Amino acid sequence: MKFKELSQVFTKLSSTTKRLEMTAILEDFFKKLKCEDIGFVVQLCMGKVFPANDPKELGIANNMMIETLAITGGVSVEDVKKLWKIHGDLGETAKYVIGKKKQVTLYSNDLTLDKVKENLYKIPDMTGKGSVEKKLKIVSELLSNADPEEALYLTRIVLGSMRTGVGEGVVRDALGKAFNVTSDDIEKAYNLCTDYSYVSETLCKNPKNISNIKLKLFSPIKVMLFKKVSSVKEGFEEVGKPAIIEVKYDGMRLQIHKLGNEVRMFTRNLDEVTRQFPDAVKYIKESIKANECIIEAEMVGFNPKTDKPEPFQQLSTRIKRKYDVDKLSKDLPVKIFCFDLLMLDKKSFLDDNFEERHNKLVSIIKPNPNIMIAKGIKTDSESDAEKLFTEGIKEQEGVMFKNLKAPYQAGSRVGFGVKLKSHMTELDLVITEAYYGKGKRRDWFGSFTLSCLDPDDGKYLSIGKLGTGFSDEQFEELTKKLKPLVMKENNEKVVLTPSVVVEVEYEEIQKSPTYDSGFALRFPRLIRFRNDKKPDEIATISDVEELA
DNA sequence: TATGTCTGCCCC
DNA sequence: ATTCTGC
DNA sequence: GCAGAATGGGCAGACATA
C-alpha cells in the first residue's frame with residue numbers, strides 16, 4: 001500500500017471535528033485494509049508507532065525533528081524554528097519545507113506503508129555513539145521520498161501526535177462499525193490486551209475471536225481513573241451512599257502481578273518497574289497470601305529514619321532508575337497501600353462489584369508496616385467522610401470515593417469513583433514571559449512564565465509556568481494585552497514588561513532547581529485575571545517561603 | 001572526564 | 001497532572 | 001459526559017560536545 005493513501009485519509013480526518021464523521025471515514029478505510037496492514041495503520045491513526053505496552057520507543061522529539069527537517073529540506077535550523085513559530089506545528093512546517101524543496105527537485109511517488117514501517121521499526125534499536133545521527137538519517141530518508149502532505153503526517157507520526165481528532169475512542173468505534181462488533185466488546189478486549197494493533201488484526205481475521213482476548217497474568221491492563229470533585233457532598237452524589245472512602249496517597253500507581261514466587265509490577269501507563277523496586281517485590285512475596293493475583297496499589301516513598309512519607313519528588317528518583325537501585329531502596333524505602341483486586345487464582349474479579357473485590361483483597365493481605373490495605377472507611381456519613389479527608393490531607397493528597405456496586409472499568413467513568421483533593425490558597429503572580437502556542441493555540445501565546453516579587457530590590461523572581469485554566473477567549477484577550485509589553489523576542493518565547501497579574505491555584509509549592517525563586521508550583525492553573533492589581537501588589541518571595 | 005541538551009504513549 | 005471544548 | 005488536545009514540574013538516562 002502506498003503511504004499516500006493513508007496520508008489522504010489523515011487529511012480527510014483533519015477536515016472535520018465531528019467524531020461521527022471521523023468514525024465513518026475510518027470505518028471505510030479499515031474495511032479496505034489487508035489484515036497484515038491494519039495493525040500498523042491503527043497505531044499510526046493514534047499517532048503511536050508502537051502499542052502502549054511495548055517498551056520500544058523512538059527517542060525523537062521536537063529538537064531532533066527540527067534538525068532532520070533542516071537537513072532534509074536544505075535549510076538552517078534557525079529557519080525551521082522560525083517556521084515552527086509561524087505554523088504552530090512541526091508537521092505543517094515539514095509540509096512547507098518539503099514543498100519548497102520539491103519545487104526544485106524531482107519527486108517520485110514511491111513511498112510505501114511497508115517502507116515507513118521498516119524504517120521506523122529500526123529506530124528503537126539504534127543506541128550508543130552515533131545513534132542520533134543514524135536516527136536522523138533514517139527519518140530523513142522517508143522525508144526525502146515524501147510529498148508535502150506525506151511529510152506532514154510522517155513528522156507527526158514521529159512526534160507521536162497526529163492532531164486529527166482521532167484517538168482510542170474513535171478507533172474503537174470505527175473498528176466496531178467496520179467489523180460489526182459493539183464498541184463495548186472492542187473496548188473490553190482492548191482494556192485487557194492494551195493493544196489496538198492486536199485487537200484490529202484479530203477482528204480482521206475473524207471478528208468472533210475478540211472474545212478470546214482475556215485477562216492474562218503478567219500482561220498489564222488499562223487502569224480505572226477517577227474524576228475530580230470539590231466537596232464531600234459532591235463525592236457522595238457521584239458514587240451514592242454508603243461508599244468506601246479511602247486516603248489518596250501521594251505516590252505512584254502500581255499494578256502488581258504475582259504467581260507463586262514470581263512478581264512483576266507495572267505503572268499506570270503499562271511500563272514495567274519490577275527492577276526498580278526490589279524492596280516492593282520482597283514485601284509482596286512476604287505478605288500477599290495468594291498464589292496467583294493481580295492487585296492495584298499506590299506506592300509511597302518514606303524516610304527510613306523518621307518513617308514519615310516523603311514528597312513525590314523523592315519517589316520519582318527511583319522510578320526510572322537503572323543504577324544504584326539497591327542503595328536507593330535503603331535510602332528511600334517504599335510502602336505499598338493496596339486498594340483493589342483484579343484477579344485471584346485464575347478468576348477475574350473485574351466484573352465483581354467493588355465491595356466484593358475489596359473484601360477479597362482484605363482477606364489475602366497480611367498487613368505489615370510496609371504493605372497494607374489503603375486506609376479507608378465504609379460510611380454514609382458526611383461528617384465521617386469530612387474527618388477522613390482532613391486527616392488525609394495532612395500527609396497525603398486527599399481521599400477517593402468509591403461506589404460499592406461498581407465493577408472495575410478502565411478509564412474515568414461517571415458514578416464509579418471520584419477523587420477529592422486538597423488545594424492550596426491561591427497566589428497572585430505577574431506574567432514576565434510568554435511562549436508561542438502550538439496547535440489550536442497557534443495564534444496566541446500558549447503559556448506564560450509567572451514571577452513573584454522580591455521587595456528588597458523590586459525584582460521579579462520566576463516561580464514556574466502557567467498553561468491551563470484559560471478559555472479561548474481569555475487567550476485571545478491576554479495575547480492582545482501582552483503584545484505591546486514585549487521587550488525581547490526570540491523564537492519560542494518573548495520577555496515582557498511585568499504588568500499583567502493573574503490569580504493561580506496549585507496543589508503544592510515545591511523546591512525548584514529551575515526557577516529564580518527556588519520554588520515552583522505543582523499543577524498550576526489560572527483562576528482569573530487580576531486587572532485590579534498592580535505588579536507590586538503580588539505575592540512576595542517571603543509569602544512563598546511561608547507557604548512552602 | 002565533565003557538562004549540557006534532549007527525551008519520555010515518563011511519573012505526578 | 002488540570003483544564004477547556006466540540007460533539 | 002466523553003474524548004481529544006492544549007498545557008504544568010521534575011526526574012534519570014542517553015548521547016553529544018567541550
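The values are calculated or read from the model by the stated rules, or taken from the named source; none is laboratory data. Nothing here was measured: the structure is a model prediction, and the numbers come from that model. We place every Cβ from the backbone using ideal geometry, glycine too, and count neighbours over all the protein chains shown. Surface accessibility is based on the protein's heavy atoms, side chains included, excluding ligands, DNA and RNA. Shrake-Rupley method; radii C 1.70, N 1.55, O 1.52, S 1.80 Å.
Points worth noting:
- Residue A:345 being open to solvent by 60 Å² or more (accessible area, probe 1.4 Å) and among the acidic types (Asp, Glu): yes
- Selection count, the range A:46-74, where residues are open to solvent by 40 Å² or more (accessible area, probe 1.4 Å), without any contact (Cβ under 8 Å) to a residue 60 or more places away in the chain and within 15 Å of DNA strand D (Cβ to nearest atom): 1
- The condition (being away from DNA strand C (no atom under 16 Å from the Cβ), surrounded by fewer than 20 Cβ atoms within 10 Å (Cβ to Cβ) and in a helix (DSSP H, G or I)) is satisfied by just one residue among A:208, A:216: A:208.
- Residues in the range A:98-122 that are part of a helix (DSSP H, G or I) and open to solvent by 10 Å² or more (accessible area, probe 1.4 Å): A:99, A:100, A:101, A:102, A:114, A:115, A:117, A:118, A:121, A:122.
- Restricting the search to strands (runs of 3 or more DSSP E) fully inside the range A:499-542 and requiring at least 1 residues that are of a type in the set (Phe, Trp, Tyr) and open to solvent by 20 Å² or more (accessible area, probe 1.4 Å) gives A:519-522, A:525-529.
- Test: residue A:66 is within 16 Å of DNA strand C (Cβ to nearest atom) and part of a helix (DSSP H, G or I): no
- Within the range A:248-267, being over 19 Å from the mean Cα position of the chain (by Cα) and either small (Gly, Ala, Ser) or not assigned by TED's automatic domain parsing to the domain that holds residue A:393 (or both) holds for one residue alone: A:260.
- Selection within the range A:317-338 - within 11 Å of DNA strand B (Cβ to nearest atom) and in contact (Cβ under 8 Å) with a residue 60 or more places away in the chain: A:319
- Residue match in the range A:319-330 (condition: open to solvent by 60 Å² or more (accessible area, probe 1.4 Å) and away from DNA strand D (no atom under 16 Å from the Cβ)): no
- All positions within the range A:418-444 that are more than 24 Å from the chain's Cα centre (by Cα), among the hydroxyl-bearing types (Ser, Thr, Tyr) and at pLDDT 95 or above: A:432
- Residues satisfying the stated conditions in the range A:161-193, i.e. polar (S, T, N, Q), touching a residue at least 12 places away in the same chain (Cβ under 8 Å) and surrounded by fewer than 22 Cβ atoms within 10 Å (Cβ to Cβ): A:161, A:180, A:191
- You will find that of A:230, A:183, A:197, the residue that is among the polar types (S, T, N, Q) and under 30 Å from residue A:393 (Cβ atoms) is A:230 and no other.
- In the range A:349-362, the residues that are touching a residue at least 12 places away in the same chain (Cβ under 8 Å), over 27 Å from the mean Cα position of the chain (by Cα) and not in a loop (DSSP other than H, G, I, E, B): A:355, A:357, A:358, A:360, A:361
- Test: residue in the range A:397-405 that is among the β-branched types (Val, Ile, Thr), within 16 Å of DNA strand B (Cβ to nearest atom) and not assigned by TED's automatic domain parsing to the domain that holds residue A:538: yes
- Of the residues examined, residue A:95 is not one that is without any contact (Cβ under 8 Å) to a residue 40 or more places away in the chain, open to solvent by 60 Å² or more (accessible area, probe 1.4 Å) and under 17 Å from residue A:163 (Cα atoms).
- Count of residues meeting criterion [open to solvent by less than 30 Å² (accessible area, probe 1.4 Å) and part of a loop (DSSP other than H, G, I, E, B)] in the range A:252-310: 8
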